[in-house]
Amino acid sequence: MENMNSFEVLIVGAGPAGSFAAEKLARGGARVALFDGRPEGEPKACGGGVTAKALKAWPHLLNAVGRTVNELEMYSPAGKRLHLQLDEPFAIYSRVAFDSYLRDRAQEAGAAVIFEKITARGIKRTESGWTLRGASGAEWQGKLLVGADGANSGIAKKLAGPLAPADMEVAFGYRAPLPEASEAPTVIAFLPQWVGYAWAFPRLDHISFGIATTQDAFEHKALDELLWQFMLGYYRQRAGSNANIWQSNSDRGVDDIERHLRATAERYAARIPGLADQTWDTRLACGEGWALLGDAAGFADPVTGEGIYYALRSAELFAESFLSGDPEKYEQRWRTDFGGELRRAAQMRRRFYGNFWGAPFTERMIEFARGHRGIRKVLGDLVAGEQGYVGLKKKLARRVLRPL
Ligand SMILES: Cc1cc2nc3c(=O)[nH]c(=O)nc-3n(C[C@H](O)[C@H](O)[C@H](O)COP(=O)(O)OP(=O)(O)OC[C@H]3O[C@@H](n4cnc5c(N)ncnc54)[C@H](O)[C@@H]3O)c2cc1C
């Protein structure tokens, strides 16, 4: 009889990457175990934004409980506002809902879901593959080990080596209540003086606020103050203020809005990979008997921190490579599919948040978009995940010089 604890593939981590790979592999007939070490009900720190490009590639994602967004407020570093009507909506999910939806699909497809955290010490390479040991002392065997254990992946450290601070971004923020008496717009605001942006992503029962920026330039106190300005600006605007979103100080010191927000906002912080351009050339996502997916492999957009699309796409490419009988083909497949674009995004990061025609590029982009339909279209495509970074500046310059 077949050993119940023996599998072809052992996947550690049941985020979008691990669960989607487990589903695809199980549907293809592989014996797969998916280890979920996340405490029940504890959300992964994330804005939960899923681009139109991802929704088009995997329309079933729309069955997960979330909300679709077809308009967006954008702010420049100086606080100029742009209203963007999106041709293609994107979705915002609670990560508890999104992750459990994908994990349940993996289970329905036949993957064994095991609720155990597998520490680095619990992983042993054997002659025939791998043995994993859980905190309970139980053991599982498998031929192939997949690290889908997120940005702090212990498996990636062991198999592909640690990442430098220059290969990481930081995101932090607050979960805060929805405004009582008004609509809650979705907002993206490019930071004054810093690389990165702030967001307000309303969910069904709260708003996720946050800032994503590079780890090597991270200054906690100054950025936290900036995020508070942004959050207070957001609620004060809802209460009728016309003040700049970055400088909406109350005339009377701490007001009711601030008191309420300070009492209710729950803080979170986490890392996002943002590989430097040279790292893309040298870092491997698979080898004999192992593979890395999603954040564990470093697959997030170095300009925006968007990682859910790449988590899902890498899972799909790995599963297809495995089912074709040549799992190591995955390395070449992810490089061809999205590796080149992410590497170019890494090269673009400084320039995107740098200057363009004597002002921050992001300031110019919002400024021009306010006056040109063509530029609003380019920006909409960028948000939808359909506009690459290559040629972005050229395209914007062309649109400005030859407005539609
Ligand atoms: C604050 C913040 C905001 C973000 N906003 C967005 C956004 O709006 N849109 C977007 O596309 N991306 C966003 N990202 C990035 C996105 O969250 C990640 O790219 C994405 O979650 C990667 O998916 P994953 O499956 O690779 O890893 P994860 O989602 O991190 O999943 C890994 C899973 O493995 C589990 N795990 C870890 N170690 C073990 C272990 N030893 N044993 C068992 N299980 C383990 C973890 O608990 C986790 O559930 C954001 C990131 C941050 C930090």
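Among the residues making up the range 189-220, those that are under 14 Å from residue 233 (Cβ atoms) and either out of contact with any helix residue (DSSP H, G or I) (no Cβ under 7 Å at 6 or more places or on another chain) or of a type in the set (Val, Ile, Thr) (or both) are 192, 199, 207, 211.
Looking at this structure, is residue 369 away from the ligand (no atom under 16 Å from the Cβ), closer than 24 Å to residue 72 by Cα, free of Cβ contacts under 8 Å to residues at least 40 places away in the same chain and part of a helix (DSSP H, G or I)? Write out each step before concluding.
On the way: away from the ligand (no atom under 16 Å from the Cβ): yes; closer than 24 Å to residue 72 by Cα: yes; free of Cβ contacts under 8 Å to residues at least 40 places away in the same chain: no; part of a helix (DSSP H, G or I): yes.
Here the answer is no, as residue 369 does not meet what is asked.
Go through the range 25-41 and count every residue that is among the acidic types (Asp, Glu) and near the ligand (Cβ under 8 Å from one of its atoms). Break it down stepwise before answering.
Of all residues in the range 25-41, those among the acidic types (Asp, Glu) come to 36, 40.
From what is left, the residues that are near the ligand (Cβ under 8 Å from one of its atoms) are 36.
Counting residues in the range 25-41 that are among the acidic types (Asp, Glu) and near the ligand (Cβ under 8 Å from one of its atoms) gives 1.
Scoring residue 381 on the criteria (1) surrounded by 21 or more Cβ atoms within 10 Å (Cβ to Cβ); (2) at pLDDT below 95 leaves a single failure, condition (1).
Would you check if residue 32 is over 30 Å from residue 195 (Cα atoms), over 20 Å from the mean Cα position of the chain (by Cα) and crowded, with 23+ Cβ neighbours inside 10 Å? Against the criterion (over 30 Å from residue 195 (Cα atoms), over 20 Å from the mean Cα position of the chain (by Cα) and crowded, with 23+ Cβ neighbours inside 10 Å), residue 32 qualifies. Could you look through the range 250-283, keep only residues that are touching a Leu at 6+ places or on another chain (Cβ under 8 Å) and aliphatic (A, V, I, L, M), and pick out the one that is farthest from residue 335 (Cα to Cα)? Result: 257. Among the residues here, residue 321 qualifies as among the polar types (S, T, N, Q) and more than 12 Å from the ligand (Cβ to nearest atom). Name the single residue, out of those in the range 335-367 being surrounded by 18 or more Cβ atoms within 10 Å (Cβ to Cβ) and β-branched (Val, Ile, Thr), that is nearest to the chain's Cα centre (by Cα). Here the answer is 362.
Flag: residue 265 does not match the condition of being within 15 Å of the ligand (Cβ to nearest atom), among the small types (Gly, Ala, Ser), crowded, with 24+ Cβ neighbours inside 10 Å and in contact (Cβ under 8 Å) with a residue 24 or more places away in the chain.
Please pick out the residue among 15, 49 that is within 16 Å of the ligand (Cβ to nearest atom), under 30 Å from residue 359 (Cβ atoms) and in the same structural domain as residue 152 (by TED's automatic domain parsing). Before the answer, list the steps.
On the way: 15 fails: under 30 Å from residue 359 (Cβ atoms).
Every option except 49 fails the conditions.
Identify all residues within the range 34-82 that are of a type in the set (D, E, K, R), assigned to a loop (DSSP other than H, G, I, E, B) and over 28 Å from residue 316 (Cβ atoms); write none if there are none.
80
Rundown of residues vs (1) free of Cβ contacts under 8 Å to residues at least 40 places away in the same chain; (2) touching an Asp or Glu at 6+ places or on another chain (Cβ under 9 Å); (3) closer than 23 Å to residue 43 by Cβ, yes/no style:
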site	(1), (2), (3)
137	yes, no, no
142	no, yes, no
145	no, no, no
148	no, yes, yes
151	no, yes, yes
160	no, no, no
168	no, yes, yes
190	no, yes, no
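Under the condition of being charged (D, E, K, R) and within 17 Å of residue 18 (Cβ to Cβ), the residues counted in the range 311-341 number 3.
Every residue, every condition in (1) surrounded by 24 or more Cβ atoms within 10 Å (Cβ to Cβ); (2) assigned by TED's automatic domain parsing to the domain that holds residue 46; (3) under 14 Å from the mean Cα position of the chain (by Cα); (4) under 21 Å from residue 111 (Cβ atoms), yes or no:
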residue: 249; (1), (2), (3), (4): no, no, no, no
residue: 254; (1), (2), (3), (4): no, no, no, no
residue: 296; (1), (2), (3), (4): yes, yes, yes, yes
residue: 302; (1), (2), (3), (4): yes, yes, yes, no
residue: 318; (1), (2), (3), (4): yes, yes, no, yes
residue: 322; (1), (2), (3), (4): yes, yes, no, yes
residue: 333; (1), (2), (3), (4): no, yes, no, no
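The values are calculated or read from the model by the stated rules, or taken from the named source; none is laboratory data. All figures in this text were calculated on a predicted structure; none of them were measured in a lab. Counting neighbours? That spans all protein chains shown, and the Cβs are built from the backbone with ideal geometry, glycine included.
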